[in-house]
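Trainee: Pasting a structure below so you can have a look.
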Amino acid sequence: MKPRRVGMARGYEEMDGANVPRPPGSTASVGGAANGADSLSGGASSPQSPVSPPVGSMLAGAAPEFELASVSVVPDDTYTVTQAVNALGFGWFQVKLSLCVGLCWMADSMEMTILSVLGPALHCDWGISRYQQALVTTVVFLGMMLSSTFWGHLSDRYGRKPALTLCGVLLFLYGLLSSVAPSFGWLLLLRGLVGFAIGCVPQSVTLYAEFLPTKQRAKCVVLLDCFWALGACFEVALALAVTPTLGWRWLLGLSAAPLFIFAIITPWLPESARYHVTSGQNDKALNTLEQIAKDNRRPMLLGRLVVEGPSGSRGSLKALLGSSLRRTTLLLWFIWMSCAFCYYGLVLMSTELFGGKNKTIVDGALTDDGITIDCQPLATTDYMDLLWTTLAEFPGIFATIYVIEKFGRKKTMALQFLFYAGCVLMITVTEVRVFLTIILFMARGVIAGLFQAAYVYTPEVYPTALRSVGVGGCSALARLGAMATPYIAQVLFQSSIWSAVTVYGIFAACASVACMLLPYETRGADLAH
């Protein structure tokens with residue numbers, strides 16, 4: 001460890017190349033020399049001094065000149081959170097955070113996947129109609145839509161950690177109460193409250209992205225979808241084991257177990273250092289950065305932590321529609337709405353295609369008037385086909401990791417929307433169950449990767465002061481699309497398959513155009529200040 005400078009806090013170590021003279025021919029002057037974070041991350045340099053010492057003063061052996069320059073020209077070295085996160089790199093701190101956030105996503109996925117099984121089960125148990133089945137799904141997404149901006153505002157005002165802690169407690173409570181709902185009305189209310197709590201889950205991605213170095217951010221955020229896919233697969237397997245013998249109530253109760261675990265571990269989640277700096281709590285931000293340095297076994301940066309840019313109006317929904325962000329926000333709202341509309345539509349259509357009498361395709365004629373005369377519980381083969389299509393999310397994730405770095409965020413999302421449109425239109429041209437499973441497998445993988453690409457792009461394009469409310473606003477519009485999709489995938493699909501898949505194809509094509517119209521490409525860029 002190098003000698004500590006006078007006046008610097010104990011425990012700080014000067015990194016190689018940080019605040020020290022550079023050899024002749026270096027592009028930076030002493031006054032503009034960056035700290036260790038600059039050399040590692042390529043971030044913004046410290047403010048340059050209007051006067052630079054002559055090159056001769058930087059030669060070896062010119063100790064008096066260097067001492068004078070270090071005192072007079074560089075009186076106050078600074079660094080930002082972006083520079084610190086990039087310099088401290090990816091290590092054990094991020095691994096622990098990945099597991100915590102991944103558990104949150106796994107629990108969210110289980111609550112979403114259960115909707116594709118719950119509707120048919122209630123249709124057989126309580127005799128609810130097709131429209132009531134759709135309502136069970138819609139009310140969850142209604143709660144998510146109404147709460148998304150609320151959670152985003154709460155996260156930007158009071159921090160990501162308190163919001164996620166409250167989210168975990170409420171999710172477990174309402175999920176468990178849903179399993180003992182005495183009537184259809186009570187079930188709708190409790191599932192709506194589950195949706196309200198789920199609206200906070202996207203804030204876990206905001207927290208996660210703010211602790212990731214620039215080079216690893218896209219890959220790590222996309223890899224989060226592994227936890228989502230794992231949760232979806234686990235829920236299908238749990239439904240196969242529990243529903244035929246114990247019923248849907250036990251399925252709802254057991255599905256709340258990961259939520260209980262997440263609620264327990266949330267007190268150990270770190271608060272965002274970016275949030276602390278933006279809100280004027282630099283001491284707490286420094287403590288968090290020191291913890292990262294300790295966990296990752298890297299020396300802490302030398303200097304003073306500063307705000308990366310103007311903080312603006314924190315948590316302001318109005319600022320999202322300002323002149324500089326209006327076009328980006330409106331296009332992202334439509335992209336997220338289309339993404340959720342297409343993703344959950346495919347999940348629900350898969351159940352409709354594989355359900356009933358193990359038909360390969362559901363014909364257009366309705367066989368009942370909305371009561372239990374056509375009740376056909378999902379068979380083992382149906383659950384296995386659902387599991388296979390759910391497993392498609394894993395190759396979709398890894399393909400997205402490669403494509404998103406090679407072609408950029410915008411082009412990746414545009415191509416994935418087009419590929420999805422082609423897959424869903426192919427549903428109408430085959431009745432062979434094996435081919436149908438392959439088509440659904442490809443479509444599920446593409447749309448899952450697309451959702452994660454949107455989660456990568458959105459936190460990158462919004463500044464720190466508006467990042468949570470920006471993601472929350474996009475999530476709210478996504479839930480609007482998810483609210484509408486049951487009436488296409490469960491109601492219209494029963495009367496006309498061609499009409500249903502055409503709707504999804506049109507939305508996907510329009511969203512592809514919207515992706516190309518986005519004004520910014522964020523590949524390789526630091527998080528916006």
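The values are calculated or read from the model by the stated rules, or taken from the named source; none is laboratory data. These numbers come from a predicted model, not from an experiment. Note that each Cβ is placed from the backbone with ideal geometry, even for glycine, and that neighbours are counted across all protein chains shown. These area figures cover heavy atoms from the full protein model, side chains too; ligands, DNA and RNA do not enter into them. Shrake-Rupley method; radii C 1.70, N 1.55, O 1.52, S 1.80 Å.
Trainee: List, please: which pairs have Cβ atoms under 8 Å, are six or more places apart or on different chains, and start with a residue in segment 92-108 that is in the same structural domain as Ala218 (by the TED database) and end with one that is of a type in the set (D, E, K, R) and in a helix (DSSP H, G or I)?
Mentor: Trp92/Asp295; Phe93/Asp295; Lys96/Asp295; Trp105/Asp225
Trainee: Then there's this: Are any residues in segment 268-286 among the aliphatic types (A, V, I, L, M) and not in a helix (DSSP H, G or I), and if so, which ones?
Mentor: Leu269
Trainee: List the number of the failed condition for Ser499; all other conditions in (1) among the polar types (S, T, N, Q); (2) in contact (Cβ under 8 Å) with a residue 12 or more places away in the chain; (3) open to solvent by 10 Å² or more (accessible area, probe 1.4 Å) hold.
Mentor: Every listed condition holds for Ser499 apart from (2).
Trainee: Could you please tell me which pairs satisfy a Cβ distance under 6 Å, a separation of 6+ or placement on different chains, a first residue in segment 325-349 that is closer than 30 Å to Asp385 by Cα, and a second residue that is assigned to a helix (DSSP H, G or I) and of a type in the set (S, T, N, Q)?
Mentor: Within 6 Å, the pairs are Phe341/Thr485; Tyr344/Thr485; Gly345/Thr485; Val347/Ser116; Leu348/Ser116; Leu348/Gln490.
Trainee: Provide a single number: the residues in segment 477-496 that are of a type in the set (A, V, I, L, M) and open to solvent by less than 10 Å² (accessible area, probe 1.4 Å).
Mentor: 3
Trainee: Here's a follow-up. Give me the residue from segment 317-357 that is among the small types (Gly, Ala, Ser) and in contact with an Asp or Glu (Cβ under 9 Å, 6 or more places away or on another chain) and, out of that set, most open to solvent (accessible area, probe 1.4 Å).
Mentor: Gly356
Trainee: Say we look at segment 73-120 and pick out the residues that are closer than 28 Å to Gln490 by Cβ and open to solvent by 20 Å² or more (accessible area, probe 1.4 Å); which of these is modelled with the highest pLDDT?
Mentor: My answer is Met106.
Trainee: May I ask you to say which residue of Val513, Val469 is in the same structural domain as Val347 (by the TED database) and open to solvent by less than 50 Å² (accessible area, probe 1.4 Å)?
Mentor: Of Val513, Val469, the one residue that is in the same structural domain as Val347 (by the TED database) and open to solvent by less than 50 Å² (accessible area, probe 1.4 Å) is Val469.
Trainee: Looking at (1) assigned to a helix (DSSP H, G or I); (2) open to solvent by less than 10 Å² (accessible area, probe 1.4 Å); (3) more than 23 Å from Trp151 (Cα to Cα), find the lone condition where Ala181 falls short.
Mentor: (1)
Trainee: Here's a follow-up. Looking at segment 146-177 only, could you name the residues that are crowded, with 24+ Cβ neighbours inside 10 Å and either at pLDDT 90 or above or not polar (S, T, N, Q) (or both)?
Mentor: Within segment 146-177, Trp151, Gly152, Asp156, Arg160, Ala163, Leu164, Cys167, Gly168, Leu171, Gly175 meet the criteria.
Trainee: I want to confirm something. Restricting to segment 472-496 and keeping residues that are part of a helix (DSSP H, G or I) and of a type in the set (Ser, Thr, Tyr), which single residue is nearest to Glu460 (Cα to Cα)?
Mentor: My answer is Ser475.
Trainee: Can you report the number of residues in segment 430-467 which are within 11 Å of the chain's Cα centre (by Cα) and either of a type in the set (Ser, Thr, Tyr) or over 19 Å from Leu230 (Cα atoms) (or both)?
Mentor: 6
Trainee: Of the residues that sit in segment 418-449 and are farther than 19 Å from Ala340 by Cα and hydroxyl-bearing (Ser, Thr, Tyr), which one is most open to solvent (accessible area, probe 1.4 Å)?
Mentor: Thr428
Trainee: Give me the pairs, please: first residue somewhere in segment 447-476 and under 24 Å from Leu348 (Cα atoms), second residue anywhere and outside any helix (DSSP H, G or I), beta-carbon distance under 7 Å, and either six or more positions apart or on two chains.
Mentor: Ser475/Gly199
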